[in-house]
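Read through the structure below, which is laid out as structure tokens, and then see the notes.
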Amino acid sequence: SSWSRQAQLVGQFSEAVDTFGSSLALEGDTLVIGAEREGSAAAGVDGDQTNNDAPTSGAAYVFVRSGITWTQQAYLKATNPGSGDNFGSAVAISGDTVVVGAPLEDSDGMGVGTNGLNDNTMTSGAAYVFVRTAGVWSPQALLKASNTGASDRFGSSVAISGETLVVGAQGESSGASGVGGDQLNDSATGSGAAYVFVRVTNTWSQQAYIKASNTGMSDTFGGAVTLSGDVLVVAASGEDSNARNVNGLESDNSASAGGAVYLFRRTGSVWTQVAYIKASNTGGGDYFGASLALSGNTLVVGAHLEDGG
């Protein structure tokens, strides 16, 4: 079979430096496109796209396909847009639910449903949930970390599968390891974390706080995430061990920023790490885990600075 181009898409009122296409998510005939540097001050869904009063606040666009024709269905903004928030850096879709990350959002709220109307904690980050009913999108939730901190970049990555979503915070700094550890210290700067949320009757709550099994400074755990049912994969592209393949030695830090990937499985409501995954040719500076994709029992991992000829 052969591939052919079907469409070239541009958001309504797109302008220079909006970076339309900075993130993408596709399910069936619905496509979500992030534009993390878009600058309007609109809030919520389908506001005024024509001003530039909030530079690099960011936006996301929903397109739908009928036959072979794509049309824009919605223009999404944060419910608390702010200059420099980079809403749209990460997007994900499952059914009629979209999640958008804004890793440079600055409010100091914690958990679900905070109003986000201050700038007291710089680049703490946020994630936003939108839902579609009969073709109309509306905001459902504003999500923050349970341990919001400056420079945590909650919303660096997002993934959703059914009634479960995960948000990565690649700059989070606690020294905890594994699932459910102590969130309240900052002894491992930039180690990173991932947060799992679940929805019951339209209400979201945090189910788990997840760290690497070998937490280390600057590992950026949570820089990429992917989720399918009860399987969660979290990347730490700055991780330093010299291990190779699956479940090798985690404690040898002789391959700086070689990168690693961690696979977790949920039983009931409990998440457990079941695999620690490295490249077959681990090398310093390869950033294994820079990108992830998961489908069924197959996982693919990108290492964008790997040097093989």
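Answer yes or no as to whether A54 is over 19 Å from the mean Cα position of the chain (by Cα), free of Cβ contacts under 8 Å to residues at least 60 places away in the same chain, surrounded by fewer than 18 Cβ atoms within 10 Å (Cβ to Cβ) and closer than 28 Å to V112 by Cβ. Lay out the reasoning, then the answer.
Details: over 19 Å from the mean Cα position of the chain (by Cα): yes; free of Cβ contacts under 8 Å to residues at least 60 places away in the same chain: yes; surrounded by fewer than 18 Cβ atoms within 10 Å (Cβ to Cβ): no; closer than 28 Å to V112 by Cβ: yes.
No: the conditions fail for A54.
Could you list all residues from the range 231-242 that are more than 20 Å from T189 (Cβ to Cβ) and open to solvent by less than 10 Å² (accessible area, probe 1.4 Å)? Steps first, answer last, please.
Looking only at the range 231-242, we keep the residues that are more than 20 Å from T189 (Cβ to Cβ), and these are 231-233, 242.
Selection gives L232, V233.
For the range 130-141, what are the residues that are open to solvent by 10 Å² or more (accessible area, probe 1.4 Å) and in a strand (DSSP E or B)? Show your work before the answer.
Initially, the range 130-141 is screened for residues open to solvent by 10 Å² or more (accessible area, probe 1.4 Å), giving 131-141.
The answer is V131, R132, T133, V136, W137, S138, P139, Q140, A141.
If you scan the range 16-33, which residues turn out to be under 20 Å from V64 (Cβ atoms), out of contact with any Ser or Thr (no Cβ under 7 Å at 6 or more places or on another chain) and of a type in the set (D, E)?
So the first thing to find is which residues in the range 16-33 are under 20 Å from V64 (Cβ atoms), and the list is 20-21, 23-33.
Going one step further and asking which of them are out of contact with any Ser or Thr (no Cβ under 7 Å at 6 or more places or on another chain), we end up with 21, 24-26, 28-33.
Once the filter is applied, which keeps residues that are under 20 Å from V64 (Cβ atoms), out of contact with any Ser or Thr (no Cβ under 7 Å at 6 or more places or on another chain) and of a type in the set (D, E), the range 16-33 yields only D29.
Can you tell which of G180, G190 is more than 19 Å from G289 (Cβ to Cβ) and among the small types (G, A, S)? Quick ask: steps written out before the conclusion?
Details: G190 fails: more than 19 Å from G289 (Cβ to Cβ).
Just a single option satisfies the conditions, and that option is G180.
Every residue in the range 18-75 that is within 17 Å of S89 (Cβ to Cβ), among the hydroxyl-bearing types (S, T, Y) and outside any strand (DSSP E or B), please.
Once the filter is applied, which keeps residues that are within 17 Å of S89 (Cβ to Cβ), among the hydroxyl-bearing types (S, T, Y) and outside any strand (DSSP E or B), the range 18-75 yields T19, S40, T56, S57.
Looking at the range 198-230 only, could you name the residues that are open to solvent by 40 Å² or more (accessible area, probe 1.4 Å) and among the aliphatic types (A, V, I, L, M)?
Answer for the range 198-230, where residues must be open to solvent by 40 Å² or more (accessible area, probe 1.4 Å) and among the aliphatic types (A, V, I, L, M): V200, M217.
May I ask you to verify whether N185 is modelled with pLDDT of 95 or more, more than 19 Å from the chain's Cα centre (by Cα) and surrounded by fewer than 22 Cβ atoms within 10 Å (Cβ to Cβ)? First the steps, then the outcome.
Values: modelled with pLDDT of 95 or more: no; more than 19 Å from the chain's Cα centre (by Cα): yes; surrounded by fewer than 22 Cβ atoms within 10 Å (Cβ to Cβ): yes.
Taking the combined requirement at face value, the residue does not satisfy it.
One line per residue, one yes/no per condition, for (1) surrounded by fewer than 17 Cβ atoms within 10 Å (Cβ to Cβ); (2) assigned to a loop (DSSP other than H, G, I, E, B):
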position	(1), (2)
D85	no, yes
A92	no, no
E105	no, yes
N115	yes, yes
N118	yes, yes
Y128	no, no
A145	no, yes
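Among N52, N86, which is modelled with pLDDT under 95 and either in contact with an Asp or Glu (Cβ under 8 Å, 6 or more places away or on another chain) or hydroxyl-bearing (S, T, Y) (or both)? It would help to see each step written out before you state the result.
Working: N86 fails: modelled with pLDDT under 95.
Every option except N52 fails the conditions.
Return only the number of the condition from (1) modelled with pLDDT under 95; (2) aromatic (F, W, Y); (3) out of contact with any Ser or Thr (no Cβ under 7 Å at 6 or more places or on another chain) that F13 does not satisfy.
(3)
Of everything in the range 250-294 that's of a type in the set (A, V, I, L, M) and under 15 Å from D307 (Cα atoms), which residue is most open to solvent (accessible area, probe 1.4 Å)? Talk me through it step by step, then tell me what you get.
So in the range 250-294, the residues of a type in the set (A, V, I, L, M) come out as 255, 257, 260-261, 263, 270, 274-275, 277, 279, 290, 292-294.
Filter once more, keeping what is under 15 Å from D307 (Cα atoms): 255, 257, 279, 290.
Details: A255: 4, A257: 11, A279: 14, A290: 43 Å².
Top of the filtered list is A290.
I'm told Y195 meets every condition in (1) closer than 29 Å to D252 by Cβ; (2) touching a residue at least 40 places away in the same chain (Cβ under 8 Å); (3) open to solvent by 10 Å² or more (accessible area, probe 1.4 Å); (4) hydroxyl-bearing (S, T, Y) except one. Can you identify the failing condition by its number?
(3)
The values are calculated or read from the model by the stated rules, or taken from the named source; none is laboratory data. All values reported here derive from a predicted model rather than from experimental measurement. Glycine gets a Cβ as well: all are built from the backbone with ideal geometry, and neighbour counts include every protein chain shown. SASA here: full protein model, heavy atoms, side chains in, ligands and nucleic acids out. Shrake-Rupley method; radii C 1.70, N 1.55, O 1.52, S 1.80 Å.
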